[in-house]
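Data block below; observations after.
Please treat every number below as a calculation from the coordinates, not as lab data. All figures in this text were calculated on a predicted structure; none of them were measured in a lab. Virtual Cβ from ideal backbone geometry, glycine too; neighbours counted across all protein chains shown.
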Amino acid sequence: MYILIINPFSSTQYLAESIKKLGFHTIALYTVNCADMESYYIPDKSWFDKTLFLNSKLTDILNAVKDYKISYVLNGSEGSVLLSDQVARVLTPELSNDPLTAGFRTDKFLMHKALSDFNLKHMELQKFVIGRDNIAAENFKSLSFPCFVKPLVGASSHGIAKINSYSELADFFNNIDKNKLTQALKIYREKANTELVYLICEFIDGEEYLIDTFSCKGIHYVSSVQRYVKKLVNGKPIYRYLEIEENQSILQILEDYINKVLTATGMDNGFAHSEVFIKDRLPVLIEINSRISGALGLCNKIATLSGMPTQPELLVAVLKNTQVQKQTIQPKINVRGLVLFNFSTQSLPDLAISLSKCKTVFEIKQIKPVGFKHCTLPVAVAEAVAFIICTSTDLELLNYEIFQILLQDERGWA
């Protein structure tokens, strides 16, 4: 039996290896040119049982996989939601999403409109089309500040910013590098030549969470709920680490909310990596990413180490009609996933050597090579140089070493 994955770019190696270990074969179908992708996204053909490179014409795709027994069709990136829905609707109709609802899971404006239609808490949003809208228009001058701006279709924190005043907003849009941003977002956009649209969002100052799920036939299974811990670095709120949320009342609020959100947006089947703010115990969606959680499998690895099912395990359990139970880890292991950026102008070292004396470091995934330097100060997750997992039964030691690692990341790896 085969699982067909359309344009797998998020956590590609982790996804392929996990599905193989769980007893299924994989076919990766790429409809975009991978040759000029960032190294972070470039797939290795050896990860899959079969790799196909085709155009996005539905008849060609169906012909290419007609000799394989496809058990499930997975979407692998933000830019392939509609195509994945269309392919699944033909190959596995009972395990597919309605292609007519694909916009609710890709277009963040429509996403929040869908929540509004279902009377669910949502963000107030306004669109700004680069090159067409005039930031001097009265409707933009009358916005409330602070606000948050981000591309309508995108991911990995590309092109986002917190804006504190109208003058900052005007400067942001007047000085935006459209070509650079279009290049950075190309794998997330299904139609590369469409207008570049921004969302101006109400700013919510609350705790931020990720909720990783797998859905099948409208039933939503939660893998894990994790809290983002951020810090202001160079004046920007930057992700520093992730940790499992253990407060049962918060978990209940978030899980109840995301079940309604996924249903409202037509997410009946597949993986979702959703991000949610919660303030005064009221959750509000940031966005849904209709694919496996990213960061090279970081979030799913944190789930495993914390005794929780991963998204691939939930997928395979449903296909095999078995159950995945939460594991009991004894003694309790504290787990955190760190995001490193190398904020200084110094060269990036071999982090395995630099962190060799840290007792809590469990795994290092160094993305950027030794000697790497940023051309500009990093602000997006896509600019991370490494993902690190730290574990320990000694919470005091864990907190101390993580503080030292992040401080080193901010000051420089001398």
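Data overview
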| item | result |
| --- | --- |
| Arg132 versus Lys66: modelled label distance in nm, points set 7 Å from Cα along the beta carbon direction | 4.0 |
| Reachable aspartates and glutamates from Lys21, criterion Cα separation under 16 angstrom, eight or more residues apart if same chain | Asp49, Glu313 |
| Residue order, fewest to most beta carbons within 10 Å, for Cys299, Cys201, Cys216 | Cys216, Cys201, Cys299 |
| Selection from Ala102, Ile200, Leu74, by position along the positive dipole direction of the chain (Cβ) | Leu74 |
| Amide H contacts under 5 Å for Arg291, placed H, 5+ residues apart | Ala272, His273 |
| HN-Hα J in Hz across region 361-377 - Karplus 6.51, -1.76, 1.60, θ = phi - 60°, x for Gly and Pro | 6, 9, 8, 10, 10, 7, 8, 8, x, 4, x, 5, 9, 6, 6, 10, 4 |
| Percent of Cα-Cα distances greater than 23 Å, calculated over region 330-414 | 20 |
| For region 247-305, size of Cβ-based charge dipole, Lys and Arg +1, Asp and Glu -1, in debye | 120 |
| Test item: Cα-centred dipole of region 276-414, Lys/Arg +1 and Asp/Glu -1 on Cβ, debye | 240 |
| Pairs from Lys230/Lys373; Lys162/Lys231; Lys57/Lys127; Lys217/Lys260; Lys57/Lys113; Lys127/Lys231 whose Cα-Cα separation, in the structure shown, is over 20 Å | Lys230/Lys373; Lys57/Lys127; Lys57/Lys113; Lys127/Lys231 |
| At 0.890 mPa s and 25 °C, Stokes D of region 203-282 from Kirkwood alpha-carbon radius, µm² per second | 182 |
| Partners for Lys108 among aspartates and glutamates (Cα-Cα distance below 13 Å; same-chain residues under 8 apart left out) | Glu78, Glu124, Glu275, Glu287 |
| Tail fraction, Cα-Cα pairs, the chain, threshold 26 Å, whole percent | 55 |
| Alpha-carbon spread of region 11-165, three principal axes, descending order, Å | 58, 36, 29 |
| Table column - 3J(HN,Hα) (Hz), region 116-128, Karplus curve with 6.51, -1.76, 1.60, x for Gly and Pro | 4, 5, 9, 6, 9, 4, 8, 7, 7, 10, 9, 8, 9 |
| Amide H within-cut-off set for Val233, under 5 Å, with H built and near neighbours excluded | Ile238 |
| Sequence of Ile286, Ile135 once ranked by neighbouring C-beta atoms within 10 Å, starting from the fewest | Ile135, Ile286 |
| Anchor Lys50: aspartates and glutamates whose Cα lies under 14 Å away (excluding residues fewer than 8 positions away in-chain) | Glu17, Asp67 |
| Under the Karplus curve 6.51 cos²θ - 1.76 cosθ + 1.60, θ = phi - 60°, whole-Hz ³J(HN,Hα) for region 134-147, x wherever Gly or Pro sits | 9, 5, 7, 5, 4, 5, 8, 5, 8, 5, 8, 10, x, 9 |
